[in-house]
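Enquirer: Below is one structure. I have some questions about it.
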Amino acid sequence: MIKYKLSYQNFVVASVISIVSAMVLLAINSALGNLPFFLLVNNNFGTTADAAFAFITHLGEEVPWIILGVIILIFRRQYFPLALLACLFSTLLVQGLKNGLAEQARPSKAIANASLYHSVKGMVLHTVNSFPSGHTTTAFTIFLLCCLFIHKKWIVPVGFAYALAVGYSRVYLAQHFPKDVAGGMLVAVISVCFAVVIQQIIVNKFYTKR
């Protein structure tokens, strides 16, 4: 029988933190307005911050998935279906929302005067398919998965800091609005929850009978 144990306590805490954070962002966005809220948090912290956030934003792309997948295959192979399902669900939900909703302009298209917001030199600014933030979804999905796989409590604050940094990088780099980041957080929670349910069905059917 393959040992199978996830840290649901860490996962619940991480999910609640993610949902509350997303709700706070959406509430502020509703109170201030989409453009004013973006301009409030899209700051210029200098060239060091530009370079840092330009790097951090890549932590919401494919490489973290590859690294996590390799680690799982080597040390926790029984978790691979869960990680794969979370990746598939999050990708499908993000792309479905981006392409299914009415055109969602990104900051560079919604704000005609580029001098009003900060952008990083050399960074290509996308113009459409703003909601939700795919990078944020990836970062929070990986954060939530790590909270399931790692039983130590430090993973919650450390993982949340990582995911939030990726989310903020999207606003700092003028690629997304805060509401897009909030949407990415919620999509991640939904995706991992679906993956957990299906993974548990797989475990109950194939592993517990051995």
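Enquirer: Working only within the range 128-173, note down all residues that are modelled with pLDDT of 95 or more, β-branched (Val, Ile, Thr) and within 28 Å of LEU73 (Cβ to Cβ).
Expert: THR136, THR137, THR138, THR141, ILE142, ILE155, VAL156, VAL158, VAL166
Enquirer: Could I ask something else about it? Return the residue satisfying two criteria in turn: it lies in the range 152-188 and is in contact with a helix residue (DSSP H, G or I) (Cβ under 7 Å, 6 or more places away or on another chain) and among the aromatic types (Phe, Trp, Tyr), and of such residues it is nearest to THR48 (Cα to Cα).
Expert: TYR172
Enquirer: Let me ask something additional. For the range 12-57, how many residues meet the condition of being surrounded by 14 or more Cβ atoms within 10 Å (Cβ to Cβ) and not hydroxyl-bearing (Ser, Thr, Tyr)?
Expert: Count: 23.
Enquirer: Then there's this: Could you go through the range 150-172 and let me know if any residue there is without any contact (Cβ under 8 Å) to a residue 12 or more places away in the chain and within 13 Å of the chain's Cα centre (by Cα).
Expert: Yes; the residues of the range 150-172 include at least one that is without any contact (Cβ under 8 Å) to a residue 12 or more places away in the chain and within 13 Å of the chain's Cα centre (by Cα).
Enquirer: I've got another one for you. Among the residues of the range 46-101, which ones are outside any helix (DSSP H, G or I) and under 18 Å from the mean Cα position of the chain (by Cα)?
Expert: Correct list: GLU61 only.
Enquirer: Something else: Out of the residues in the range 114-133 that are without any contact (Cβ under 8 Å) to a residue 60 or more places away in the chain and of a type in the set (Val, Ile, Thr), state the one that is farthest from ALA102 (Cα to Cα).
Expert: Checked the range 114-133; the qualifying residue farthest from ALA102 (Cα to Cα) is VAL124.
Enquirer: Taking the residues in the range 104-125 that are within 21 Å of the chain's Cα centre (by Cα) and farther than 17 Å from HIS58 by Cβ as candidates, determine which candidate is modelled with the lowest pLDDT.
Expert: The selected residue is GLN104.
Enquirer: Now, a different point. How many of the residues in the range 154-179 are over 25 Å from VAL70 (Cβ atoms) and either touching a Lys or Arg at 6+ places or on another chain (Cβ under 7 Å) or in a loop (DSSP other than H, G, I, E, B) (or both)?
Expert: The qualifying residues number 5.
The values are calculated or read from the model by the stated rules, or taken from the named source; none is laboratory data. Here the structure is a predicted model, which is why all the values come from computation and not from measurement. Note: ideal-geometry Cβ built from the backbone for every residue, glycine included; neighbour counts use all protein chains shown.
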